[in-house]
1. Quick check on segment 314-328. Is at least one of its residues closer than 20 Å to E214 by Cβ, free of Cβ contacts under 8 Å to residues at least 60 places away in the same chain and either surrounded by fewer than 14 Cβ atoms within 10 Å (Cβ to Cβ) or out of contact with any His (no Cβ under 8 Å at 6 or more places or on another chain) (or both)?
2. Out of curiosity, is S260 out of contact with any Lys or Arg (no Cβ under 6 Å at 6 or more places or on another chain) and not assigned by TED's automatic domain parsing to the domain that holds D171?
3. Condition test on R274, is it within 25 Å of E230 (Cβ to Cβ) and either surrounded by fewer than 16 Cβ atoms within 10 Å (Cβ to Cβ) or in the same structural domain as L190 (by TED's automatic domain parsing) (or both)?
4. Restricting attention to segment 100-107, does a residue exist that is in contact with a helix residue (DSSP H, G or I) (Cβ under 6 Å, 6 or more places away or on another chain) and either in contact (Cβ under 8 Å) with a residue 24 or more places away in the chain or surrounded by fewer than 17 Cβ atoms within 10 Å (Cβ to Cβ) (or both)?
5. Mind checking which residues of segment 117-131 are crowded, with 17+ Cβ neighbours inside 10 Å and of a type in the set (V, I, T)?
6. Checking I199 against (1) within 23 Å of D278 (Cβ to Cβ); (2) assigned to a helix (DSSP H, G or I), which test does it fail?
7. Just to confirm my filter: which strands (runs of 3 or more DSSP E) fall fully inside segment 93-168 and include at least 3 residues that are in the same structural domain as L277 (by TED's automatic domain parsing)?
Amino acid sequence: MNRGRARIGLAWLVLVAMPLVAAAAPEDFQGEWLLALERGATVDYGKLAFESSPEGMRAYIDGGPVNVIFGRNDSVTVTLDWSDSGDRLHESLLEGRLSDGMITGQILENGARVGTWRAVPEAERTRILKPSKLPPDLLDLSGLWSVGSRGTHKDTFDLTPEGREVDEAYDPTLDDPHLRCVAGGLIRMLDGPFPIEIIPRQDHLLILFQYFEEQQRIYTDGRGFPEDLENTPMGYSIGRWEGSTLVVETRGLSEAVWDSRGMPISDEARVIQRLYLDESGNLHNEITLHDPRYYNRPVLRHAYWTYDPDAGHQEYDCDPHSFYRTLDIEGRLDEYWGRSRTRR
């Protein structure tokens, strides 16, 4: 009997010890990773970051905090909150495993597998993105482009106390400028679902958005920002080439919101775009919002367009009558006028 108990005790010790030896080390995940979410034929890109803190390892996607759980055998589960093109909120579980310097796994929504994902260290991003190596004088960005991906479309971000106060005061049924047919500014144009047209000029690159018939002029003649820069919805953009990437900085932006659900942008914000082609000819646009007044960390979005000469550039039709008529019927017009000071 004693020998039998000894054997059972030894077996129990082995079973307990093995998982402890194989447990994941969260510090192995620390750093920035290029994230690629694959759902069918679509690939959405973003940035996944793991950072050490006194409370343990924290995770962020595109600058917004996400829940993270580290498990056995170098496994990790990240919860991604995101909104679709109709601004409906979704939640996806990214279950993955770290192996050979890459994280790979599956995307789950409501318990069902809907795709796969992978992430490589930011320094090795070319393993996934494969950017074109053509020099600027051989790059042709002109023509019509259709939306290929709008990125991960992360929904919530790390707001400052002032940013949180402004966001909580925002009412999407009254304050969203798009409801009254007013363009929502640079970020929302770059995130629009409609085609764009790029026209090279002698001293600038002209981007025409079908969305609200807006336009962005990116000056490429080496000029600086005007000293008396006036804030406007699209701001003032200056571009310079870094190898085969056009780096664009925009200042002078009016206050706006990130999307129809809110997320404020202050008039002190600065936007950096990185435009480049990949080997398949897709035009990538990596957008970073620097707004320390409203956000504790930069907010990112990695979208890309596909060349589509048949897309056409149709007139954008929007009639604000239905918005005001609905408010009138609901008896909310006075409420709408009273919010003019806080409206974006």
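1. yes
2. Numbers: out of contact with any Lys or Arg (no Cβ under 6 Å at 6 or more places or on another chain): yes; not assigned by TED's automatic domain parsing to the domain that holds D171: no.
Spelling it out, it is not the case that S260 is out of contact with any Lys or Arg (no Cβ under 6 Å at 6 or more places or on another chain) and not assigned by TED's automatic domain parsing to the domain that holds D171.
3. no
4. no
5. Selection gives V120 alone.
6. With (1) within 23 Å of D278 (Cβ to Cβ); (2) assigned to a helix (DSSP H, G or I) applied to I199, the lone miss is (2).
7. Output list reads 143-149.
For every residue, the table says whether it meets (1) assigned to a strand (DSSP E or B); (2) of a type outside the set (G, A, S).
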site: I238; (1), (2): yes, yes
site: W241; (1), (2): yes, yes
site: L246; (1), (2): yes, yes
site: T250; (1), (2): yes, yes
site: D267; (1), (2): no, yes
site: R274; (1), (2): yes, yes
site: G281; (1), (2): no, no
site: N285; (1), (2): yes, yes
site: T288; (1), (2): yes, yes
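The values are calculated or read from the model by the stated rules, or taken from the named source; none is laboratory data. Note that the structure is predicted; figures quoted are calculated from it, not measured. All Cβ positions, even for glycine, are placed from backbone atoms using ideal geometry, and neighbour counts span all protein chains on display.
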